[in-house]
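The values are calculated or read from the model by the stated rules, or taken from the named source; none is laboratory data. Values in this document were obtained by computation on a predicted structure and should not be read as measured data. FYI the Cβ positions are ideal-geometry reconstructions off the backbone, even for glycines, and counts take in every protein chain you see. Heavy atoms of the whole protein, side chains included, go into the accessibility calculation; ligands, DNA and RNA do not. Shrake-Rupley method; radii C 1.70, N 1.55, O 1.52, S 1.80 Å.
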Amino acid sequence: MGSDLSEHVALVTGGVRGIGRAIGEALMDAGARVAAGYSRNGPAADAFVEDFSDRGATIHQGTIEDHADCERVVAEVIDHHGRLDILVNNAGITIDRTVRKMTPEEWDHVLRVNLNGAFYMSRAALPDMVDRGYGRIINISSVVGERGNVGQANYAASKAGQFGLTMSLALEV
């Protein structure tokens, strides 16, 4: 990563496996303490803690589809670590179907997780960051949000929305 993040705490949503776990490892390698968010993969969360608790890593279960749960998780991270410096909105899902076959529930679910989740987590983290005069929010999007993809209208819309959310947050704070 190239920076010394030894005094920083990072919360990575979807942080116990895949890309989120790799992001967390890179942040720990740069010195940060990492709080990994997850929704339901208990075995992956247990493995994360087993592998990284000696580096100050913690796990925090919640659902980013619920704004109140996002506020609870952010408060839990701040209570445990004393601060939150970096939020990485990594959690996301796909439910691939062509528009003609996609149900409204499949459309809504992907947008709730991918777009609403990034908004809810950012909104929950901002007050502490603004009060302390420091913070970084990183939204993990996709080229699919710029170009689209067959069978991924819901995913593309959610990731395109993240571009707009990111730019608007940057201008606001």
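Which log10 I(q)/I(0) values does segment 36-91 give at q = 0.28 Å⁻¹ under the Debye formula, counting every alpha carbon as one identical point scatterer? These q points yield log10 I(q)/I(0) values of -1.31. Put +1 on the Cβ of every Lys and Arg and -1 on every Asp and Glu Cβ in the chain; which of 59, 124, 109 then has its Cα farthest towards the positive end of the dipole? Highest projection toward the positive end goes to 109.
Dipole check for the chain: with +1 at the C-beta of Lys and Arg, -1 at the C-beta of Asp and Glu, and the Cα centre as origin, the magnitude is about 600 Debye. Judged by the mean number of other Cβ atoms found within 10 Å, the most tightly packed of the peptides 69-81, 135-147, 107-119, 161-173 leads the ranking 107-119, 69-81, 135-147, 161-173.
Our summary gives segment 95-173 a relative contact order of 41 percent, counting only alpha carbon pairs under 8 angstrom and 6 or more residues apart. The angle between the Cα long axis of helix 117-132 and the longest principal axis of the Cα atoms of the chain comes to about 30 degrees, rounded to the nearest 10.
Its Cα centre serving as origin, segment 1-74 has a Cβ charge dipole (Lys and Arg +1, Asp and Glu -1) of approximately 100 debye. Counting only alpha carbon atoms, the long axis of helix 153-172 and the longest principal axis of the chain meet at about 50°.
The portion of the accessible surface of the chain made up by carbon and sulfur, rounded to a whole percent, is 52 (1.4 Å probe; DNA, RNA and ligands excluded). Can you tell me the FRET efficiency between residue 61 and residue 30 if r is taken as the Cβ-Cβ distance and R0 is 22 Å, rounded to the nearest 0.05? The pair residue 61/residue 30 has a calculated efficiency of 0.30. Summarising the amide proton neighbourhood of residue 59: residues at separation of 5 or more, or on other chains, whose placed amide H is nearer than 5 Å comprise 36.
Any idea of the accessible area per residue across the chain, 1.4 Å probe, to the nearest Å²? Walk me through the numbers on the way to the answer.
On the way: 8940 Å² over 173 residues.
Using a 1.4 Å probe on heavy atoms only, each residue of the chain averages 52 Å².
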